[in-house]
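Taking it in order: structure first as structure tokens, then the write-up.
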Amino acid sequence: MMTNRYFSTFAFLTLLVGSVRADWVEDAVTDIRSKYNQIESATLQTQVIEFQPEDDPAYGKLTKYLENGQVVKATFIFGQGDHGGGEETYYYHNGQLFFIYIDERSWRFSGKAMANGESETIDTMTEHRLYFANGKLIRHLRKQVESTDYEAIGSLIAKVANEPYQDPAKASAAKMRGFQVPGVSSWQDIAAILGY
């Protein structure tokens, strides 16, 4: 009898703690969305730094958005060749990274020929949304589409729902870049981030 009471109490406390944890994450995500909307609606100053080495397919372009001299947003576009690239946008509040949006695009040959005889390609678009609280990742969402119609890929991804996702290596690498980009002041800094 006593064992059942302890088990019931333990089960209740476990559910309560899980509920409090979920509420905390939802509250943090709501706060993150509010900060995001404030930044997106603000009039911000911009600084642009580019990296494009000669005779090399690598490239990088960083646009920093400042409010009162402080970086609140940064967009980093980069790639290592013509088969794909990425765009990461980082958001900051009081110098703290709180959200990263990633847009990745790539293409590959399908192995089929089109009616005109050219090789068919498949385009892939992937979006990641990374939410941070106190420097820790609290939510990672992803959506992805593929199509042989390059023009349709943007409208296709708009129809796909975000799904919970886990990729600690991707999240860690994006977070590291997010910490680095506010301090970028030259193309050499971008080259270092890209590993050149």
**Request:** Can you confirm whether the range 77-84 contains a residue that is touching a residue at least 60 places away in the same chain (Cβ under 8 Å), under 16 Å from the mean Cα position of the chain (by Cα) and assigned to a strand (DSSP E or B)?
**Result:** yes
**Message:** without any contact (Cβ under 8 Å) to a residue 60 or more places away in the chain, β-branched (Val, Ile, Thr) and either surrounded by 15 or more Cβ atoms within 10 Å (Cβ to Cβ) or part of a strand (DSSP E or B) (or both): which single residue out of VAL181, VAL160, VAL145 fits that description?
**Reply:** VAL145
**Request:** Could you grab me the full set of residues in the range 95-120 that are loosely packed, with under 15 Cβ neighbours inside 10 Å, touching a residue at least 24 places away in the same chain (Cβ under 8 Å) and farther than 19 Å from VAL184 by Cβ?
**Result:** ARG108, SER110, GLU120
**Request:** Those residues that are of a type in the set (Phe, Trp, Tyr) and in contact with a Phe, Trp or Tyr (Cβ under 6 Å, 6 or more places away or on another chain), I need them from the range 105-130; list them, please.
**Result:** none
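Readers should treat all values here as calculations from the given coordinates under stated rules, not as data from a laboratory. Computed from a predicted structure; not experimentally measured. FYI the Cβ positions are ideal-geometry reconstructions off the backbone, even for glycines, and counts take in every protein chain you see.
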